[in-house]
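Remarks on the structure that follows.
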Amino acid sequence: MYSCRVFSGYGAGEFSSGSEEEEEDEEGNGSDEEFVMGIEEPRDINASSSRLPDRWDVLGLGQAMVDFSGMVDDEFLKKLGLEKGSRKVVNHEERGRVLRAMDGRSYKAAAGGSLSNSLVALARLGIRPMKGPTFNVAMTGSVGSDPLGSFYRTKLRRANVNFLSPPVKDGTTGTVIVLTTPDAQRTMLAYQGTSSTVNYNPTLASVISKTNVFVVEGYLFEFPDTIKTIQKACEEAHRCGALVAVTASDVSCIVKHFDDFWEIVGNYADIVFANHEEAGALCHFDSKESSISAVRYLSHFVPLVSVTDGNRGSYIGVKGEAVYIPPCSCVPLDTCGAGDAYASGILYGILHGVSDLKEMGMFAAKIAARVVEQQGTRLRVQDAMELADAFSSFQTDIGSSHV
């Protein structure tokens, strides 16, 4: 039996090892310029502060990017000189070239970003018909005052995630083109735009002070000025008693900004989310080193470590020990968003005060499997409700067995 009592914030407890749908994301055929012309400018959904809750269960700080995602073949990537499975930062011209090449193909636009995937899944898991959402979930970041920025804010709000940062005047909202091949591998092209600049200001500080769990997206470490914002935000979160979670996000980002990652992880993080490669990079381990070694190592520095390892399963680490979580059987269609979905399951368990790490991990793995079986990064509302109901039933059975 492994346990950890370092969590004194919301959802704390002893952690132990033991046995109406949102409208579908719009599809388009053509360039982003053509796409956004069809987006109406919505009213400011965050204009009335009276509608906002007194406290947030989970607040995320991350990159606010609009995703354009579609299925392509290997030949498509070869013609454009793109390395399959890679993630590349592109400029405005490169982005336009790829989108023009996709003309005639079906693709979707969504309010994307790794962190927003997790937050939307968490909010959907908390939906209760006729009763409204269980959790108060919000995100901060940076979007422009352009139509894509309005699109992003509106889509998140419809998913019960409040985007609290005001739009940047004359800013351009960042985009990510996600190209998925039949073998379920994804190639990502990121255009940063305004999303690369996130400033620490009184509004952000005020929101953090009313937050129970604060999640920082690792992609933000790519930008030197944003790192200062991350540090100040984490300091405020700790001062106010919030749990701090950090997503590793990307191996190359960790390698380039290793010291910055450890400045935050070592001093502030209560939870770290990573995959096998990212965990190894955080440990400076050889790529052949096992996930369990990385989990054990990291859990000496961070109270709770969550590491996914694809179809080999996942691990949750506490105090130098690792709990293995077997994978859920599924037929993978698109692996994009699997790790984000898994993280939502861990957060869901923490918010419900789950102490059994095995139980928490198994639930997270089930969520990830649902996302892998579909095209797209978001947990569907119906799937979320089914999973949440199953979780509640299981919790009731456990409670009854201990009466």
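The values are calculated or read from the model by the stated rules, or taken from the named source; none is laboratory data. Model, not experiment: these values are computed from the prediction. Here Cβ is always computed from backbone atoms with ideal geometry, including for glycine, and neighbour counts include all displayed protein chains. Side chains are part of the model used for accessible areas, which takes the heavy atoms of the whole protein and leaves out ligands, DNA and RNA. Shrake-Rupley method; radii C 1.70, N 1.55, O 1.52, S 1.80 Å.
Between Asn201 and Ala184, the modelled label-to-label distance comes to 4.2 nm, taking each label 7 Å out from Cα in the direction of the beta carbon. A DSSP coil position with no more than 12 other Cβ atoms inside 10 Å describes the following trypsin sites (Lys or Arg not before Pro) in the stretch 130-209: Lys131, Lys169. Taking a straight line from the alpha carbon of Lys79, these lysines sit under 22 Å away, with near neighbours fewer than eight places off in the same chain left out: Lys88, Lys108.
Where does the charge balance sit around Gly280 when Lys and Arg score +1, Asp and Glu -1, over other residues with C-beta under 15 Å from its C-beta?
Details: positive: Lys288, Arg296, Arg312; negative: Asp250, Glu277, Glu278, Asp286, Glu289, Asp309.
Net charge in that neighbourhood comes out at -3.
Here the contact order of the stretch 302-390, divided by its residue count and restricted to Cα pairs under 8 Å and six or more residues apart, works out to 28 percent. Listed peptides 117-124, 310-317 appear in the order 117-124, 310-317 once ranked by packing, highest mean of other Cβ atoms within 10 Å at the front. In this structure, Leu52 and His300 have a Cβ-Cβ separation that, at R0 = 45 Å, corresponds to a calculated FRET efficiency of about 0.70.
Extending 7 Å from the Cα toward the beta-carbon at both Lys78 and Glu373 defines two label points whose distance is 3.4 nm. Summed over the residues of the stretch 276-326 and divided among them, the accessible surface reaches 45 Å² per residue at a probe radius of 1.4 Å.
Counting Lys +1, Arg +1, Asp -1, Glu -1, what net charge surrounds Leu347 among other residues with beta carbon under 14 Å of its beta carbon? Surrounding charge for Leu347 is -3.
Annotation for the stretch 206-233 versus the stretch 341-361: alpha-carbon center distance of 22 Å. The order of the peptides 355-366, 220-231 by mean Cβ neighbours within 10 Å, most packed first, is 355-366, 220-231.
Determine the sum of side-chain charges near Ser290: Lys and Arg each +1, Asp and Glu each -1, restricted to other residues whose C-beta is under 11 angstrom from that of Ser290. Intermediate results must be reported in sequence, preceding the final value.
Numbers: positive: Lys288, Arg296, Arg312; negative: Asp286, Glu289, Asp309.
Once positives and negatives cancel, what remains is 0.
From the cross-link list Lys155/Lys256; Lys228/Lys256; Lys256/Lys358; Lys210/Lys232; Lys78/Lys256, which pairs have alpha carbons spaced over 23 Å apart?
On the way: Lys155/Lys256 32 Å; Lys228/Lys256 16 Å; Lys256/Lys358 33 Å; Lys210/Lys232 15 Å; Lys78/Lys256 27 Å.
Distance filter (> 23 Å) returns Lys155/Lys256; Lys256/Lys358; Lys78/Lys256.
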